[in-house]
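To start, the structure itself, in structure tokens.
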Amino acid sequence: MQVLGTFSRFEQCVLNMALINICDIESYVGQEMRRQYNAWKQLANEAVYSPWLDIHKFTIYLPHPDQTYEDITLEQGLTKGYNVEVEPVKDPSELVYNIPAGGHFVVVLKQRRVNGEFAIAATGIFVRPLGVLCLDVIVDPDQGEYQSLVVKHPIIRDYPQDWETQLRRFLKGETRGEELPRVVGYVDRGLNQDYRPPAWNEVYVNSLY
């Protein structure tokens with residue numbers, strides 16, 4: 001499992017679970033993404049295609065591990081992806097990143113105490129074909145210190161040997177998204193009907209090894 005700087009093991013697992021839900025178009029996150037995309041296109045009287053063709057913003061909430069809710073357990077909510085919000089980016093020029101086609105904007109918010117507010121912990125880019133999160137984690141906001149890291153999908157085992165080189169070329173705009181290997185197809189029920197997304201406890205237990 002990746003070492004994610006200021007993130008605890010619980011928060012690392014939350015990021016992994018969020019990535020699992022973001023990659024799966026049949027998950028709650030994927031269905032909400034399509035719903036919002038369709039409504040946006042219909043309101044603009046534009047043709048509806050795949051939502052992945054337009055940049056979206058994913059907000060990932062990292063709750064305190066002892067946080068409780070009235071109608072659902074924390075583990076159930078994380079499994080379903082209820083801690084991830086998604087919306088289309090209608091004006092990409094307003095983003096802090098120049099995101100190539102095939103990428104999407106990501107914001108990570110962290111809750112430091114039970115029932116506390118969420119504060120920004122990282123921003124970055126979700127690279128859909130590779131199923132990875134490229135994050136700039138805020139280490140010291142006063143000094144403007146960041147730590148860059150990549151979160152790989154915990155289920156994908158067959159990343160190509162040169163995936164890191166391809167990722168860097170993509171982020172620099174030297175490689176187009178459609179030229180990247182589409183390993184995400186293995187973990188998207190819209191493309192692989194045999195895929196079974198794991199539950200929170202499976203992701204958490206596997207992080208121990």
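The values are calculated or read from the model by the stated rules, or taken from the named source; none is laboratory data. Quick caveat: nothing in here was measured; it's all calculated off a predicted structure. Using ideal geometry, Cβ is built from the backbone for each residue, glycine included, and neighbour counts are taken over all protein chains shown.
Just a few scattered comments:
- Scan of region 1-51 for residues that are within 16 Å of the chain's Cα centre (by Cα), farther than 17 Å from Glu202 by Cα and among the aliphatic types (A, V, I, L, M), ordered by number: Leu4, Ile22, Ile25, Val29, Met33
- Residues satisfying the stated conditions in region 121-149, i.e. among the aliphatic types (A, V, I, L, M), at pLDDT below 95 and either surrounded by fewer than 16 Cβ atoms within 10 Å (Cβ to Cβ) or touching a Pro at 6+ places or on another chain (Cβ under 8 Å) (or both): Val139
- Taken over region 36-58, the criterion of being assigned to a loop (DSSP other than H, G, I, E, B) and surrounded by 12 or more Cβ atoms within 10 Å (Cβ to Cβ) is satisfied by Val48, Asp54, Ile55.
- When Tyr61, Tyr82 are checked against the criterion of being out of contact with any Ser or Thr (no Cβ under 8 Å at 6 or more places or on another chain), assigned to a loop (DSSP other than H, G, I, E, B) and modelled with pLDDT of 95 or more, Tyr82 stands alone in meeting it.
- Pairs where the first residue, in region 22-37, is closer than 16 Å to Ile156 by Cβ and the second is among the aromatic types (Phe, Trp, Tyr) and at pLDDT 95 or above, C-beta under 7 Å, 6+ apart: Ile22/Phe58; Ile22/Phe126
- Check on Val114, in contact with an Asp or Glu (Cβ under 6 Å, 6 or more places away or on another chain), without any contact (Cβ under 8 Å) to a residue 60 or more places away in the chain and either surrounded by fewer than 17 Cβ atoms within 10 Å (Cβ to Cβ) or among the acidic types (Asp, Glu) (or both): yes
- Screening Leu167 against (1) more than 18 Å from the chain's Cα centre (by Cα); (2) over 18 Å from Phe58 (Cα atoms) leaves a single unmet condition, (1).
- First in region 84-110 and over 19 Å from Ala18 (Cβ atoms), second anywhere and at pLDDT 90 or above and of a type in the set (A, V, I, L, M), Cβ under 6 Å, 6 or more apart: Pro92/Ile55
- Beta carbons closer than 7 Å, at least 6 apart along the sequence or on distinct chains, pair a first residue in region 151-173 that is free of Cβ contacts under 8 Å to residues at least 40 places away in the same chain and surrounded by 13 or more Cβ atoms within 10 Å (Cβ to Cβ) with a second that is outside any loop (DSSP other than H, G, I, E, B) and of a type in the set (Ser, Thr, Tyr) for Ile156/Tyr186.
- Conditions (1) more than 17 Å from Ala101 (Cα to Cα); (2) outside any loop (DSSP other than H, G, I, E, B); number of the one not met by Gln193: (2)
- Members of region 123-139 found to be within 27 Å of Val184 (Cβ to Cβ), in contact with an Asp or Glu (Cβ under 6 Å, 6 or more places away or on another chain) and not hydroxyl-bearing (Ser, Thr, Tyr), listed by number: Gly124
- Among the residues listed as Ile72, Ile60, the single one being within 22 Å of Asn16 (Cβ to Cβ) and without any contact (Cβ under 8 Å) to a residue 40 or more places away in the chain: Ile72
- Yes/no for Val184 being at negative phi, in a helix (DSSP H, G or I) and touching a Lys or Arg at 6+ places or on another chain (Cβ under 8 Å): yes
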